[in-house]
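Data first, discussion second: the structure below is written as structure tokens.
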Amino acid sequence: MSSLGNTGTDAAATRPPSSLRTYTLAGRRGLRISPLSLGAGTFGDGWDPAWQSPPGEIDRILGTYLDAGGNVIDTADRYQNGRSEELVGTYLRKSGRRDEVVLATKCGYGVPGDAHQGGNARLTLQRALEASLRRLGTDVIDLYHVHLWDTFTPVEEVMSTLDTFVRAGKIRYVGLSNVPAWYLGRAQTLAEWRGWEPVAVLQVNYSLLARTIEYEFVDAAQELGIGLTAWSPLANGLLSGKYRVNEQGQFEGQGRVTKTWVTDTTVEPTAQTKQVLDMLAATAAELGRTPAQVALNWVTNRPGVVSTVIGARTEAQLRDNLAALDFELPPAFAARLDEAGKPPAQYPYSFFTDQFHDATVRAGLPIRSEPRGYRGRGFR
């Protein structure tokens, strides 16, 4: 059944809030991760100043996150042109906290003019991994993501290469990011059939304003035993409460959305975007929470999501974001947020909604894939 037909809103909303020290498995693997991961994209001076954490804040951000119980630090070889990996590695060495961390990084983006510094080919992945290990100052990466699909390297080559990294002891778990659903399915199936290390985590763009993964990825991840981690859960800050859509149909507010580049250019100042921002602001006001906390709480409790990647330029921002786990989003509030930004059930997904199946496939009877409470396993 498509996630558009049964998003699990009620079940997620009634779930108790997750402490940062409540760990879950990364899909069908034994890796234990916290519900919020710390994104290190702002660590360094290689990007626009709006994307940089002040140097004095970086160690405080990392220390505060780990002290609170978080255990996933998420970086990438392209973040701040490699500087992010260097700063994360330096902190872990001097603090002696490497063993507390699930260290995650990514590869796949290229360097202008170098044919071997981008994409998913074996040569590229091998060179990228060795470079990340040097910058991080470690001999093993806990979770290694292919950052994006390059559209041409055979998936067999990608998965077999990642498997050799695991067998060589250079990475422990495999992740993918920004790939099509068919590619994800083929990658996981090949790994299962051939005895390669399977995908543990899929990192996807997911927020109240970016919900197209609900067409296929939520169901695919759950079926294939893969945990979803959400990047840009605040939609580049649009859901922080600093912005609105004005009467001229433009974003208004001070921050990177109006000053510099963003990681997701698909979110436009449409009528639905305005509806989501207005509903989020009203919900936050009623709950006595910040819009960012409500938006993060919503994503973190969505079906299939095992961890949400939060970023912070300052320690104060981090503490505010961590408080997203301190409350329960009432079902009625979650439902109206869900409805405000729900993507349309376009073909073929219009064939998979509960409404369509109730009138056709199910003969008007309450037929479910499993009994209610089937996945409620008590203390487990």
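Quick notes on this one:
- Checked against the criterion of being part of a helix (DSSP H, G or I) and modelled with pLDDT of 95 or more, the candidates Leu103, Leu148, Leu133, Leu143 yield just one match: Leu133.
- Within segment 197-209, the set of residues being under 22 Å from Tyr243 (Cα atoms) and buried (at least 24 other Cβ atoms within 10 Å of the Cβ) comprises Tyr206, Ser207, Leu208, Leu209.
- With respect to the conditions (1) modelled with pLDDT under 95; (2) surrounded by fewer than 24 Cβ atoms within 10 Å (Cβ to Cβ); (3) not acidic (Asp, Glu), Ala282 lacks only one, and its number is (1).
Listed here are the residues, each with its yes/no results for (1) assigned to a helix (DSSP H, G or I); (2) closer than 12 Å to Gly237 by Cβ; (3) touching a Gly at 6+ places or on another chain (Cβ under 7 Å).
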position: Asp264; (1), (2), (3): no, yes, no
position: Val267; (1), (2), (3): no, yes, no
position: Thr273; (1), (2), (3): yes, no, no
position: Met279; (1), (2), (3): yes, no, no
position: Thr283; (1), (2), (3): yes, no, no
position: Arg289; (1), (2), (3): no, no, no
position: Asn297; (1), (2), (3): yes, no, no
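- Residue in segment 208-221 that is basic (Lys, Arg) and within 23 Å of Gln346 (Cβ to Cβ) present: yes
- Cβ separations smaller than 7 Å between residues 6+ apart or across chains give the following pairs from segment 253-270 residues that are β-branched (Val, Ile, Thr) and modelled with pLDDT of 80 or more to residues that are surrounded by 15 or more Cβ atoms within 10 Å (Cβ to Cβ) and assigned to a loop (DSSP other than H, G, I, E, B): Val257/Tyr243; Thr263/Ser232; Val267/Leu209.
- Test: residue in segment 194-213 that is touching a Pro at 6+ places or on another chain (Cβ under 8 Å), part of a helix (DSSP H, G or I) and under 24 Å from Val276 (Cα atoms): yes
- Contact map, segment 50-64: residues that are in a helix (DSSP H, G or I) paired with residues that are hydroxyl-bearing (Ser, Thr, Tyr), Cβ distance under 6 Å, separation 6+ or inter-chain. Pairs shown: Ala50/Thr260; Trp51/Thr42; Glu57/Thr314; Asp59/Tyr91; Leu62/Tyr91.
- Of all residues making up segment 56-82, the number that are surrounded by 15 or more Cβ atoms within 10 Å (Cβ to Cβ), closer than 20 Å to Leu148 by Cα and not hydrophobic (A, V, I, L, M, F, W, C): 7
- Inspection of segment 217-237 finds a residue satisfying the criterion of being aromatic (Phe, Trp, Tyr), part of a helix (DSSP H, G or I) and modelled with pLDDT of 95 or more.
- Candidates Glu339, Glu370: the one that is of a type outside the set (Phe, Trp, Tyr), in a helix (DSSP H, G or I) and more than 30 Å from Asn71 (Cβ to Cβ) is Glu339.
The values are calculated or read from the model by the stated rules, or taken from the named source; none is laboratory data. Source: prediction; values computed, not measured. Cβ atoms come from the backbone with ideal geometry, glycine included; neighbour counts cover every protein chain shown.
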